[in-house]
Amino acid sequence: MHTTARTDRTTAPYRYRTAARLLLTLHLLLLVWLALRPVTAAWTGPSNLTPFASLHQALTTRTLSATLASGLLPLAPAGLLLPLAVGSPDRSWLLSFLRTTGAAALLATALEILEGWAPGHVLDVDDILLGTLGAAAAHLLLATPLRAHALRRPAVAPRAATPRRGPKEQRPRSVAAPVIRTLGSPVAPRR
């Protein structure tokens, strides 16, 4: 049985899949460490279970930009790394967006529940909403153009190393060349 490396469209853009999985794992470990790290505080407020209540409070105290940044940025890398680690460029962008957003919502919920167990942290539903929104925005801004670029690139079959010929030398023409041209290259993937 002869096996060759696949060079078709579905795997060529994801040759860095292992690196994306490693970066995603390291990112999630960092988020878990930050969620479980105890915070020394003289007092903590009550849990926020009302959507956008902490944003309204930040708007009145003029700390909205810091609150938005601390809510949107932690899960934003997951919006790019999740589709790179487990996705396929042949899927539609809508399906990829929905899967990434759903996974980010589950991750944000799990992180917020873990954070609620750590001393000094309180549960805040706005962190879940903003984290999901940050991952969705990163996916739309970065992953969708990368997918379009990957699908636009033609798949290139690996070529055997051939010695370079001078300009005066001519390549000997084989009889099988017209047959191969009409049947297709033997290294091209069959569909």
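Listed values, structure above:
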item: Paramagnetic reach from T25 in segment 54-81 [backbone N under 14 Å; point 7 Å along Cα→Cβ]; result: none
item: Simple label model, 7 Å out from Cα along Cβ direction - A53 to L140, nm; result: 2.8
item: Inter-label distance for L95 and Y16, nm, one decimal - labels placed 7 Å from Cα along Cα-to-Cβ; result: 2.4
item: Integer Hz, Karplus 6.51/-1.76/1.60 couplings in order for segment 28-35, x for Gly and Pro; result: 5, 5, 5, 5, 5, 5, 5, 6
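Read-outs throughout are calculated quantities, based only on the coordinates presented, and are distinct from any laboratory measurement. All values reported here derive from a predicted model rather than from experimental measurement. Reconstructed Cβ throughout: ideal geometry from the backbone, glycine too, with neighbour counts over all protein chains shown.
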